[in-house]
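This report refers to the structure that appears directly beneath it.
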Amino acid sequence: MIENIVKRLCIYFLIVTSHSLQAKDIDEQFAVYGVGAENCAAFLVAKDAGGQAIRWYFDWLAGYFSAVNTAASNTYNILGEKTIADTSGWLEGYCAVNPNMNFTNAVADLITVMYEERANISPNKTGGWNKFSDQ
């Protein structure tokens, strides 16, 4: 019972504060490097071309996801059970609908969608919320 209340409060807090936790300057701007500075249409072109073009995006995504794992609290792996390749389909659909969106913003929206299914503890450890269940 108490665990459900705590869980619901955490989800509520996450939803209410998620936009305010994004790091931006006073004008809501931030620097973007690499292919993240491209728009979604460029990602779709790279996906169709394959080869090195799409590898640049997957390499960039690996760095972005690693940064999220480092910066987001209670996050071991933002991908949870997914792989970087698994995110490609979601991004392809999202970018098809939003071709002028900055690719970094598309990935930030993907992070918001994936957050609930993230791994919050290393698969080699026990603990997390379940360590309190016996008390």
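Read-outs: derived from the displayed coordinates by stated rules, not from any lab. Because the structure is a prediction, the values reported are computed rather than measured. Note that each Cβ is placed from the backbone with ideal geometry, even for glycine, and that neighbours are counted across all protein chains shown.
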Identify the residues of the stretch 93-119 with backbone N under 11 Å of a label point that sits 7 angstrom from the Cα of ALA41 along the Cα-to-Cβ direction, or state none. 99-101
Can you put TYR115, TYR64 in order of Cβ neighbours within 10 angstrom, beginning with the fewest? TYR115, TYR64
If you rank PHE103, PHE43, PHE65 by fewest surrounding Cβ atoms within 10 Å, what's the result? PHE65, PHE103, PHE43
On full extension of the chain, what length is gained from ASN124 through ASN98, given 0.36 nm per residue of separation minus the C-alpha to C-alpha distance? 5.5 nm
